[in-house]
2 protein chains.
Amino acid sequence: MALVVMKFGGSSVADSDKMKLVASRVIDKKKKGNKVVVVVSAPGDTTDDLITMSEKITSNPNPREMDMLLATGEQVSISLLAMTIQSQGENAIALTGPQAGIYADLDHSKARVTKIVPKRIFSFLDKGNIVIVAGFQGINPKGDIATLGRGGSDLTAVALAAAMKAEVCEIYTDVDGVYTTDPRVEKEARKIDLISYEEMLEMAGSGAQVMQARSIEVAMKYGIEIHVRSTFSGKDGTYIVSEEKIGRKKMEALMVSAVTFDKNQVKFSLIDVPDVPGIAAKVFGSLAKLGINVDMIIQSAALDKKNDISFTVSKADLKRTQSKIEELAKELKASSLSCDEHVAKVSVVGVGMKSHAGVASKMFEILAKNKINIEMISTSEIKVSCVVDEADLAKAVNELHKGFKLNKK
Amino acid sequence: MALVVMKFGGSSVADSDKMKLVASRVIDKKKKGNKVVVVVSAPGDTTDDLITMSEKITSNPNPREMDMLLATGEQVSISLLAMTIQSQGENAIALTGPQAGIYADLDHSKARVTKIVPKRIFSFLDKGNIVIVAGFQGINPKGDIATLGRGGSDLTAVALAAAMKAEVCEIYTDVDGVYTTDPRVEKEARKIDLISYEEMLEMAGSGAQVMQARSIEVAMKYGIEIHVRSTFSGKDGTYIVSEEKIGRKKMEALMVSAVTFDKNQVKFSLIDVPDVPGIAAKVFGSLAKLGINVDMIIQSAALDKKNDISFTVSKADLKRTQSKIEELAKELKASSLSCDEHVAKVSVVGVGMKSHAGVASKMFEILAKNKINIEMISTSEIKVSCVVDEADLAKAVNELHKGFKLNKK
């Protein structure tokens, strides 16, 4: 009897009809002889609605009470899904994160899972129940509800699968898997059958919104097989597994697995700052103190003891970055400061590039041939990213997808 | 430093503006030197909305999951109210029923409070917090959320006041106290300054919807002073206290404290059933087994070894009663069966009638003088109730209010 963890996102439980479809998928899985643990997110726009309620009261809510508020969304989902499954004649029980034995740390709104004690879940499974667990939440050492950050239901599912040694963790969503790029931008985008944790991590970090990055890290650490698939069809989706499982042959055949992009970027440039030690540390240290995540950084070669520093942040941090960087520009006597909202990041991702030299140069060549100017570059072992003008983005994605032959199996 | 429990109903926390008003009342109370515990219901129509969601799934939801679903409403209220108070510069903390140490029994949807362990509440109060507790909910021996039935937030407030030995339990509502009768029916209705637990209990049982009856029982048992007052004005409302506290003088002056009524009644009559032992037991035993609460009962004197039996139930139980009683009518060979939905119950309530003979006869006289036919009568030590035609109800209320001089202080 295999143990399967199934996770359904908010759009899959947005109304009673969708809830009934989810119930039938879950019951089906149990009838095939599996023990089934289901993790659900808050229905539809519930989380956003709750945030709006709090915004009417204060722009700076206490994180403890904010978590208590947001956790109600998943509690609504699990109660309703349990009722739906029960009304279809199967035994089911709903457990909040704390009831399911999910322990988290004190960092409200982005708590980490510290341990999972699945005793109660196992006991309900042994009695023949489908166990439905609220995603996104756990209990902290103070006995308070802590939420795990946006996309935290993925983390709940993967962490439960790891703690319970599940055979597979299925992530149900409204698309039917992970694609070589966004099908809305490139009509020849293909569904990927098999992808490694490392590639998924780089994709999550470079704009693909399939799964929360932290949950992929946990899956990788514990070797949990993830199956990303559609709630609305019975077809296989994308399996996320270790490089070993994918096998040498496949790895060597493909240099690049996917093209990803991120339009949610703003580029700042500080022009002519003094070329003395500690300037970069000062700039990026001040931003880090504000909790602003800097993505790409370029420091130009020094001319006349002056430097240019450019970096990108997410658009959500635009205003806070701007006011801090204006202050720093004055302090550092920069000759000018620029801010460009019309940039985008395009990346190619693939474990194949570990053994293939020349992926970066091929990428630059494809962009150059298409007269797309590269503003910034960053690379990792299995990813190359370029910042380009937002107007060139679609063309860049299309040409890279074709150039790296992602349209062909 | 006095300890005060303040309870706010759903209409008082229905939106962010009302929430801000509640916050200012609470902060005001604290600034006057009190320790403050606040109990809140779910905002506005939230509970009804959640019920509607469950009804789209099943007409017969599992009570455990139903409680888990409904409890989210109060969790939303306490989170938002804590944020509101915090944003006005005071320390506040929100606690769910389980976090507040409210223990309940296993009877989902109408659980009884079994014990209260207010250790955590006291510790937060000692640190200078306003403590906000979710009404209507507790934790049962299985570690599940249990709700306390409609109006259960009143019970939470009174039980907390009892367990914590609060000086007073203030019940905030959208009216400014308890009235001698419904001001919408009788324009000379007066606010009552002081009323006994016993009278409030009889009023709650005879149609007045000011407070949940169980919570008044608990207040009476522990001698908790209740103050029913308006959220929207600073004026004193109605104090509910023991007869002893009200004092002899006042008690002897007033025979009757209030006229109440209940339009939510249906009268059934079984005509010509055999006058043999056990018939009434059979009829009312069968209804009790279905959980149907029978209110008033009249069994006519036997003629020709035949009896008529009439009784009233609440309109919510109409259909279930009808199908059972049709079955019984056949079995008992009743000559006919009637069902009258156009009846209403009018009652006069007052501890004064303990020492005044003649309240019942005065009531009958007033009704007779106004040509209002009395269909059924029941009495308790401090209440007389009559069932009348619904069309005569307003007149009955007006004339009784005037006849017992309730319009005059």
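The values are calculated or read from the model by the stated rules, or taken from the named source; none is laboratory data. Keep in mind that what you see is a predicted model, and the values were worked out from it rather than measured. Glycine gets a Cβ as well: all are built from the backbone with ideal geometry, and neighbour counts include every protein chain shown.
Observations on the structure shown:
- Hits in the range B:284-312 - residues which are modelled with pLDDT under 85 and surrounded by 16 or more Cβ atoms within 10 Å (Cβ to Cβ): B:Ile298, B:Gln299, B:Asn307
- So A:Val26, is it under 17 Å from A:Glu74 (Cβ atoms), touching a Leu at 6+ places or on another chain (Cβ under 7 Å) and assigned by TED's automatic domain parsing to the domain that holds A:Phe136: no
- Criterion (assigned to a strand (DSSP E or B), at pLDDT 95 or above and either within 8 Å of chain A (Cβ to nearest Cβ) or surrounded by fewer than 19 Cβ atoms within 10 Å (Cβ to Cβ) (or both)) met by exactly one of B:Ala82, B:Ala71, B:Ala146, B:Ala94: B:Ala94
- Test: residue in the range A:32-41 that is within 13 Å of chain B (Cβ to nearest Cβ), of a type in the set (Lys, Arg) and buried (at least 18 other Cβ atoms within 10 Å of the Cβ): no
- Consider the range A:204-223 and keep the residues that are without any contact (Cβ under 8 Å) to a residue 40 or more places away in the chain and assigned to a loop (DSSP other than H, G, I, E, B). The one that is farthest from the chain's Cα centre (by Cα) is A:Gly223.
- Test: residue in the range A:392-408 that is within 18 Å of A:Phe268 (Cα to Cα), of a type in the set (Phe, Trp, Tyr) and crowded, with 16+ Cβ neighbours inside 10 Å: no
- Residue in the range B:127-135 that is closer than 27 Å to B:Asp28 by Cα, in contact (Cβ under 8 Å) with a residue 40 or more places away in the chain, part of a helix (DSSP H, G or I) and over 15 Å from the mean Cα position of the chain (by Cα) present: no
- Cross-chain or 6+ apart pairs with Cβ under 7 Å, the range B:185-203 first and farther than 18 Å from B:Gly223 by Cα, then crowded, with 20+ Cβ neighbours inside 10 Å and among the aliphatic types (A, V, I, L, M): B:Val185/B:Val397; B:Glu186/B:Val397; B:Arg190/B:Leu406; B:Ile192/B:Val178; B:Ile192/B:Ala258; B:Met203/B:Ala258; B:Met203/B:Val349
- Candidate set from the range A:170-181 (those that are within 16 Å of the chain's Cα centre (by Cα) and of a type outside the set (Val, Ile, Thr)); member that is nearest to A:Ala14 (Cα to Cα): A:Asp174
- For the range A:4-22, the candidate set comprises residues that are in a helix (DSSP H, G or I) and within 14 Å of chain B (Cβ to nearest Cβ); within that set, the residue that is surrounded by the fewest Cβ atoms within 10 Å (Cβ to Cβ) is A:Asp17.
- Any hit, the range B:33-53, residues being free of Cβ contacts under 8 Å to residues at least 24 places away in the same chain, out of contact with any Cys (no Cβ under 6 Å at 6 or more places or on another chain) and among the polar types (S, T, N, Q): yes
- Filter result (buried (at least 19 other Cβ atoms within 10 Å of the Cβ) and touching a Ser or Thr at 6+ places or on another chain (Cβ under 7 Å)) within the range B:353-385: B:Met376, B:Lys383, B:Val384, B:Ser385
- Subset of the range B:236-247 [outside any strand (DSSP E or B) and either touching an Asp or Glu at 6+ places or on another chain (Cβ under 6 Å) or not basic (Lys, Arg) (or both)]: B:Asp236, B:Gly237, B:Ser242, B:Glu243, B:Glu244, B:Ile246, B:Gly247
- Candidate set: the range B:212-257, residues that are under 13 Å from B:Met200 (Cα atoms) and acidic (Asp, Glu); chosen: the one modelled with the lowest pLDDT: B:Glu243
- Residues in the range A:51-65 that are part of a helix (DSSP H, G or I) and more than 7 Å from chain B (Cβ to nearest Cβ): A:Ile51, A:Thr52, A:Glu55, A:Pro63, A:Arg64.
- Screening A:Gly89 on (1) within 14 Å of another protein chain (Cβ to nearest Cβ); (2) within 16 Å of A:Ala157 (Cβ to Cβ) shows it passes everything except condition (2).
- Among all residues of the range A:80-87, there is none that is touching a Gly at 6+ places or on another chain (Cβ under 6 Å) and touching a residue at least 24 places away in the same chain (Cβ under 8 Å).
- The one condition from (1) in contact (Cβ under 8 Å) with a residue 60 or more places away in the chain; (2) within 14 Å of another protein chain (Cβ to nearest Cβ) that A:Val158 does not meet is (2).
- Index of the failed condition, B:Ser109 passing every other in (1) under 24 Å from B:Gly143 (Cβ atoms); (2) facing another protein chain (nearest Cβ under 8 Å); (3) in a loop (DSSP other than H, G, I, E, B): (2)
- The criterion of at least 2 residues that are more than 26 Å from the chain's Cα centre (by Cα) and more than 20 Å from B:Thr181 (Cβ to Cβ) is met, among strands (runs of 3 or more DSSP E) falling completely within the range B:304-389, by B:306-314, B:336-349.
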